[in-house]
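Working notes for the structure below.
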Amino acid sequence: MTDPASPSRFESARNSESVVIFDTTLRDGEQSPGATMYLEDKLQVAEVLDHMGVDIIEAGFPIASEGDFEAVSAIAERTKNAVIAGLARAIEGDIARCGEAVRKARRPRIHTFVSTSPIHLQHQMNKSEAQVLEIIARTVTQARNLVDDVEWSAMDATRTPIDYLCRCVEAAIRAGATTINLPDTVGYALPEEYEAMFRQIRERVPDADKAVFSVHCHDDLGLAVANSLAGVRGGARQVECTINGLGERAGNAALEEVVMALKTRGDSLPYHTEIDSTLLTRASKLVSAVSSSPVQFNKAIVGRNAFAHESGIHQDGMLKNAQTYEIMTPASVGVSKTSLVMGKHSGRHAFKDKLRELGYELADNALHDAFVRFKDLADRKKVVYDEDLMALVDDEIVHAHDRIKLVDLTVFAGTKGPQSAALTLDIDGTHVTHQATGNGPVDAIFNAIQALVPHGAVLELFQVHAVTKGTDAQAEVSVRLAEDGKTVTAKGADPDTLVAAAKAYIASLNKLMMKRGKSQRDALAG
Ligand code: KIV
Ligand code: ZN
């Protein structure tokens, strides 16, 4: 192990090889339960990823729904640098639709996949090994006739016998695949096994050097990042990952962890990426907000506590020399220390600067709305902390496109029941009002919402957090709703806990409406 500041670290960086970063937050990440994103949100995420230096952005799964198709084409049209990939099953219609969606990209890619493991072939696809080999040759050829850049993935590669996997990879390369992705779809592999798999495939498959090999790891055993790095050691030069590790089940390898591991441990991992790591925090906050997926406090790199030093010994060391307990600087991942406290006298300029420091770049209208809400908050709360601002802006970004909005709420609560709520909502521009009673004020509010927006969804989670300390702290409420096996989670923030509860419930209903429109998607992808 080499000290982070030693010269040999820079020596190895000079001799390092390039690893390309393929971000799939907008495809595999969005497959995470409750993480459905609006088109405008996806465009914002894609812009940050492109700005950050991500090499390939997987923008969605065009055949899954009209919304996905639109998102992939809009991102393809607007993205300046990154390759834009769309996902397609090994089906003619999928590939054609995907080709259409990425058509306007400066650098389009079709990413097509088929399962190769015996368990998938037998139980899911009902196909023989020979049939799958034929499918690979046919579909990769079709994709290559549409674009020059074709990625082929062997779904469940890590549970596929190596001899058969070699034959599949050979067929894909022969048909023109330029990238070969060997995913650990179910998060089963151990690092040494994953590394060995890449070594063997690259040694045994004829013309293996004509393709770039890629890792794609899920985190079911908490090994996604370790496996991804092991795959790179085994010869892979593309890493598929997501911001905050968002993704199916336990998620995918976290982009920020892969990037910072490569950057910090260049002494034993002599590879480099083009990622501007100072944008990692901003990307993490944006993705967390638009996908309604909170980042755990102790999450590596981007968690709230990732650079917090609580114990006396650590604080003492930090004061003497930060390197005693920090292997990378907060600034290197975009965390800035600031003493600017916001209050009711802070002006628009200071507000904008502060948001920029926190990683938010809002368009003029959104900035104006957020400023009005900040002034309102500052009137009600003496000191507005960074966390307050983040909750407020997240709320603003996420709810900008809502069809249902809270207009007014009056609650009668206390020991003398019945508790009741008088609620006015704006639904697609029309104001509607209802008064309801309930077993407590939250129940009364939710009953009023149910009366105005009739639905069959079941409340699965209701959680309240204080955003900061103090009795005047903002409350952040999370609500999860389930309908037909699909779940959505959304948050609402306000100094009044009951208003926050109403906002969170309404936000979940907004997400549910969007999800209904694209419910086909989850049935399709892996
Ligand atoms: O995990 C997986 O195998 C996938 C493929 C579609 C690449 O996401
Ligand atoms: Zn995946």
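Structure above, values below:
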{"item": "Cα-projected label distance for Lys320 with Glu70, points at 7 Å along beta-carbon direction, nm", "result": "6.0 nm"}
{"item": "Solvent-accessible ranking of Arg516, Arg159, Arg237, largest area first, probe 1.4 Å", "result": "Arg516, Arg159, Arg237"}
{"item": "By average C-beta atoms within 10 angstrom, highest first, the peptides 201-214, 440-453", "result": "440-453, 201-214"}
{"item": "Overall dimensions of region 92-167 as given by Cα atoms, namely Rg and Dmax in Å", "result": "13.4, 40"}
{"item": "Extension gain from Ala308 to Asn81, taking 0.36 nm per residue of separation minus the Cα-Cα distance", "result": "78.2 nm"}
{"item": "Solvent-accessible area, 1.4 Å probe, carbon plus sulfur percent, for the chain", "result": "51 percent"}
{"item": "At most 12 other Cβ within 10 Å, DSSP loop - trypsin sites (Lys or Arg not before Pro), region 60-143", "result": "Lys80, Arg106"}
{"item": "For the chain, diffusion coefficient by Stokes-Einstein and Kirkwood Rh (Cα), 37 °C, 0.692 mPa s, µm²/s", "result": "133 µm²/s"}
{"item": "Convex hull of region 258-317 built on C-alpha atoms - directionally averaged projected area, nm²", "result": "5.5 nm²"}
{"item": "Label-point gap, in nm, between Ala300 and Asp276 - each point 7 angstrom along Cα→Cβ", "result": "2.5 nm"}
{"item": "FRET E, pair Gln435, Lys127, Förster distance 60 Å, beta-carbon r, rounded to 0.05", "result": "0.55"}
{"item": "Three-way shape label, region 13-81, alpha-carbon gyration tensor, a/c 1.5", "result": "prolate"}
{"item": "For q = 0.11, 0.14, 0.20, 0.22 Å⁻¹, Debye-computed log10 I/I(0) when each Cα of region 202-339 counts as one equal scatterer", "result": "-0.47, -0.73, -1.26, -1.40"}
{"item": "Largest to smallest principal axis extent of the C-alpha atoms in region 295-422, angstrom", "result": "57, 42, 30"}
{"item": "Förster-model FRET efficiency, 30 Å R0, Glu100 and His401, C-beta, rounded to 0.05", "result": "0.75"}
{"item": "Residue-averaged 222 nm ellipticity for the chain, from DSSP H runs of 4+ at -39500 (n - 2.57), nearest 500", "result": "-12500 deg cm²/dmol"}
{"item": "Region 307-386 versus region 156-220: alpha-carbon centroid distance in Å", "result": "44 Å"}
{"item": "Label-to-label distance, nm, for residues given as Arg516 and Glu92 (7 Å Cα→Cβ offset)", "result": "3.6 nm"}
{"item": "Per-peptide average of other Cβ atoms within 10 Å, ordering 469-478, 21-30, 185-194 highest first", "result": "21-30, 185-194, 469-478"}
{"item": "For region 444-499: accessible area per residue (Å², 1.4 Å)", "result": "45 Å²"}
{"item": "Packing-based order for 271-283, 398-410, 240-252, 489-501, using average beta carbon neighbours within 10 Å, highest first", "result": "240-252, 489-501, 271-283, 398-410"}
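The values are calculated or read from the model by the stated rules, or taken from the named source; none is laboratory data. Note that the structure is predicted; figures quoted are calculated from it, not measured. When we count neighbours, we look across all protein chains shown, and the Cβ atoms used for this are built from the backbone with ideal geometry, even at glycine. The area values use the complete protein model at the heavy-atom level, side chains included, leaving out ligands, DNA and RNA. Shrake-Rupley method; radii C 1.70, N 1.55, O 1.52, S 1.80 Å.
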